[in-house]
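One structure is given below, encoded as structure tokens.
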Amino acid sequence: MKKQNEKIFTILALIVLGILVYLAENNLDAYKLRILNLSAIYVTLGVSLNLIYGFTGQFSLGHAGFMAIGAYVTTLLVLPPYYKEMIFILEPLVWPFTVMKAPFIVALLLSGLLSALVAILIGLPVLRLRGDYLGIATLGFAEIVRIIANNIPQVTNGALGVKGIPEFSNLWWTVGVAVFTIYIIKGLINSSFGRALMAIRENEIAAEVIGVSLTYHKVMSFAISAFFAGVAGGLFACLLTTIDPKAFMFVMTFNILIVVVLGGLGSITGTVFAAFLFNFSLEYLRPIEAGFNIGPIVIPSIPGLRMVTFSALLLIVILYMKNGLMGGIEFSWKGLARFIRKIFPNKKSSEGSVM
Amino acid sequence: MEILMELLNADNITMKFGGLTAVSNFKLKISPGELVGLIGPNGAGKTTIFNMITGIYTPTINKIYFQDRDITGIKPDKIAKAGIARTFQNIRLLENLTVIDNVMIGFHLHLKSNLASAILKFPNYVREEESIYHKSIELLEKVELEKFKQEKAGSLPYGQQRKLEIVRALATGPKLLLLDEPAAGMNPQETKELMSFIQKIQNDFDLTIFLIEHDMKVVMGICRRILVMDYGVTIAEGNPAEIQNNPEVIKAYLGVDAIYA
């Protein structure tokens, strides 16, 4: 298939996606829309975590921290000033947050930029660590962010959280950001920069003696990853319309990690697939928590059984499907054409020549 | 008359790990175009010397100069940029990447495009990628690995992996090439090919080569100057004939009694 055709197909796919989003926005109820929105936000989160963990090989557990930064920045920027005065009851909000106001898109961008800036500051010392040690350090960072948010009520309203955030996030925003994230990160990993990141993942010492600067590439990858996590945090805040520090506990990072591992490290298609699978199953598995019968055996209602199911699924994937649920296959038009030809060998042979 | 400058000058360097002195007072000057060998029993400190030259370790005492520039304590990627490339005793390929990617990454330090043009695939970036792709293919053709270009590097046979690692080092455009036991694990036929291969690349790429090797046939066959180390100390230096008859060397390799036997 020619490059030109691939571009046309991509544009067509985007138009179809746009129509689907339009139909969903107008026809689905709030419950289903919420699941779709969350899925799209998880795509952004998952793909960005995959950049630092799956492609660069740096085990980062700091995503909840970057999300929190993004969520609070967006919140403070989109809330109307008079409303801020009303809800900050523990301690009054300090200047300049009282008067700051920005359009949603600017708020999202600033959320991402601040997250990226923090990532650079944290990354410079922390990315010298490797493997589990890096994981623990970044996890520590995320917890620090959460605890700080808990303890500066003059900015975050402390443990009370912020309520009544304008519900700006809709499918146009969440899906749009997800598509943008995929576009940027896919472009990144298919470039010479991405090759350097994968070289670091494969063998740090080899990469270094070839001339790949470890610090630069690791920190850049970390910062770009944090940028999208911050933007996703902003979308998240404006979707739930209420945030508090508890929303950004380790469980949040763990959920994203499940998505990335289920989808396959270093697989963007897998991450997208897993993000939707995760959020939909999380809802559709609700009945099992209510208790059910298997023949004569009565299973009582156990809250949290859904997560047990996921843990079991995760174990199976880690043990038997090292490349994730998609088997490490990356979507491409070429691959799709090959797949279609394999299923319909006769019918598609003529169309194959067109492509 | 051209003034001969030393390419590499290790000026009495010492490397200590806590209380252990891995290398002490190592002295070496290499002139452009030389092919120098370094031998010694296991644990003599040979690879430590390579690690100091390539910046993975920083010598505890004294300095290393490359083209009269002090490179002590500089990061490995900067040293690669200065013109020193190496291979490893235990091959370090990017195993899950393709053969061609392994070579293309070698050109990394010569890339000029920035991050934004790489993401958005600007024409200057695309042109640069095409140019390093063709250069990589050319390199692979030289070592007859071109047919494996889309294979994963880790799936190549052992001997080919060694060659690929050398090709990757060549892609960085080095002036000095360090080879750490290039013949390790090769059969006699492969070893023979390797010897001519090393001499060939030295001529073709105008290289200076410094190699560690256990296979005496290789060292004695292609190196005109050889250093022998034992327990971190240089015990002999000279041409192959001198080394073969040096009592210190025989003692290090065969034990004390061998001399009197």
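Each value in this text was obtained by applying a stated rule to the coordinates, not by laboratory testing. Computed from a predicted structure; not experimentally measured. In this analysis, Cβ positions are derived from the backbone assuming ideal geometry, glycine residues included, and neighbour counts consider all displayed protein chains.
Under a Cβ-Cβ cut-off of 14 Å, what is the net charge of the residues other than B:Asn102 that fall near it, where Lys and Arg count +1 and Asp and Glu count -1? Spelling it out: positives minus negatives among the neighbours equals +3.
In order along the range B:35-47, phi translates into HN-Hα couplings of 10, 9, x, 10, 10, x, x, 4, x, 6, x, 5, 5 Hz, rounded to whole numbers, per the Karplus curve 6.51 cos²θ - 1.76 cosθ + 1.60 with θ = phi - 60° and x for Gly and Pro.
Sorted by mean Cβ packing within 10 Å, highest first, what order do the peptides A:80-88, B:5-13, A:236-244, A:288-296 take?
Working: A:80-88: 13.7, B:5-13: 18.2, A:236-244: 21.1, A:288-296: 10.4.
Sorting A:80-88, B:5-13, A:236-244, A:288-296 by mean packing, highest first, produces A:236-244, B:5-13, A:80-88, A:288-296.
The range A:1-48 and the range B:16-86 have Cα centres spaced 55 Å apart.
Rounded, prolate or oblate, given the Cα gyration tensor of the range A:130-191, with a/c below 1.5 counting as rounded?
Numbers: a/c = 4.16, a/b = 1.18, b/c = 3.53.
Oblate is the answer for the range A:130-191, as a/c is 1.5 or above yet b/c matches or exceeds a/b.
GNM on chain A, alpha-carbon springs under 10 angstrom: the most fluctuating residue among A:Ile69, A:Ile19, A:Ile297 is A:Ile297. Helix B:158-171 axis versus longest C-alpha principal axis of chain B: approximately 70°, rounded to the nearest ten.
Of A:Val126, A:Val308, A:Val106, the residue with the greatest mean-square motion in the GNM of chain A, using alpha carbon springs below 10 Å, is A:Val308. Each helix, a run of at least 4 DSSP H residues, gives -39500 (n - 2.57); summed and divided by the residues of chain A, these come to -23000 deg cm²/dmol at 222 nm.
Report the charge-dipole magnitude of chain A in Debye, nearest 20, computed about the Cα centre from +1 at each Lys and Arg Cβ and -1 at each Asp and Glu Cβ.
Values: 25 positive and 16 negative charges, 221 e Å.
Approximately 1060 debye in magnitude.
Toward the positive end of the charge dipole of the protein assembly as shown, with +1 on the Cβ of Lys and Arg and -1 on the Cβ of Asp and Glu, the farthest Cα among B:Leu164, A:His63, A:Ile89 is that of A:Ile89.
Could you work out the local net charge near B:Ile79, counting Lys and Arg as +1, Asp and Glu as -1, over the other residues with Cβ closer than 14 Å to its Cβ? Once positives and negatives cancel, what remains is +4. In this calculation the C-beta distance from B:Lys75 to A:Asp29 is compared with R0 = 60 Å, giving a FRET efficiency of 0.60. Here r is the Cβ-Cβ distance between A:Phe339 and A:Arg128 and R0 is 45 Å; the resulting FRET efficiency, rounded to 0.05, is 0.55.
Remark: mean inter-chain Cβ contacts per residue of A:194-204 equal 5, using a 10 Å Cβ-Cβ cutoff to other protein chain atoms.
Taking other residues whose beta carbon is less than 14 angstrom from the beta carbon of A:Gly131, and scoring Lys, Arg as +1 and Asp, Glu as -1, yields +2.
Projecting the Cα atoms of B:Pro123, B:Leu194, B:Ile39 onto the charge dipole of chain B, computed from C-beta unit charges around the Cα centre, puts B:Pro123 farthest toward the positive end.
Below 8 Å between Cα atoms, with a sequence gap of 6+, how large is the relative contact order for chain A in percent?
Values: 539 pairs, mean separation 99.2, N = 355.
Answer for chain A is 28 percent.
Which whole-number percent is the relative contact order of chain B (Cα, under 8 Å, 6+ apart)? Please report the intermediate quantities before stating the final value.
On the way: 453 pairs, mean separation 66.8, N = 261.
With pairs under 8 Å counted, the relative contact order is 26 percent.
Based on the Cα atoms of the range B:140-261, what semi-axes does the equivalent ellipsoid have, where each is the square root of 5 times one gyration tensor eigenvalue, given in whole Å with the largest first?
Details: eigenvalues 205, 50, 29 Å².
Semi-axes from the Cα gyration tensor: 32, 16, 12 Å.
The range A:136-197 and the range B:169-218 have Cα centres spaced 50 Å apart. Using the Cα gyration tensor of chain A, with a ≥ b ≥ c the square roots of its eigenvalues, what is the shape: rounded (a/c below 1.5), prolate (a/b larger than b/c) or oblate (neither)? Verdict is rounded for chain A.
Over its Cα atoms, what ratio of radius of gyration to 2.2 N^0.38 Å does the protein assembly as shown give?
On the way: Rg = 29.5 Å, N = 616, 2.2 N^0.38 = 25.3 Å.
Ratio of Cα Rg to 2.2 N^0.38 Å: 1.17.
Using the 10 angstrom Cβ neighbour count as an exposure proxy, how do A:Asp29, B:Asp101 rank, fewest first?
Values: A:Asp29 7, B:Asp101 21.
Arranged by neighbour count, lowest to highest, A:Asp29, B:Asp101 become A:Asp29, B:Asp101.
Rounded, prolate or oblate: which fits the range A:12-123 when a ≥ b ≥ c are the square roots of the eigenvalues of the alpha-carbon gyration tensor, with rounded for a/c under 1.5 and prolate only if a/b beats b/c?
On the way: a/c = 2.29, a/b = 1.18, b/c = 1.94.
Oblate, since a/c reaches 1.5 and b/c is not below a/b.
Both radii come from the Cα set of chain B: Rg as radius of gyration, Rh as Kirkwood radius; their ratio Rg/Rh reads 1.00.
Taking each DSSP H run with n ≥ 4 as -39500 (n - 2.57) and averaging over every residue of chain B yields -11000 deg cm²/dmol at 222 nm. Think of the protein assembly as shown as having a plus end and a minus end, set by charges on the Cβ of Lys, Arg, Asp and Glu; of A:Ile8, A:Cys238, B:Ile250, A:Ile8 sits farthest toward the positive end of this dipole. Its Cα centre serving as origin, chain B has a Cβ charge dipole (Lys and Arg +1, Asp and Glu -1) of approximately 520 debye. Comparing A:Ile52, A:Ile200, A:Ile268 in a Gaussian network model of chain A, where Cα atoms under 10 Å apart are tied by springs, the biggest mean-square fluctuation is seen for A:Ile200. Beta-bridge orientation, the protein assembly as shown: approximately 60 percent antiparallel, per DSSP, counting only bridges with both partners inside. The angle between the Cα long axis of helix A:171-189 and the longest principal axis of the Cα atoms of chain A comes to about 60 degrees, rounded to the nearest 10.
Computed over the alpha-carbon atoms, the range B:94-195 gives an Rg to Rh ratio of 1.03, Rh here being the Kirkwood radius from the mean inverse distance.
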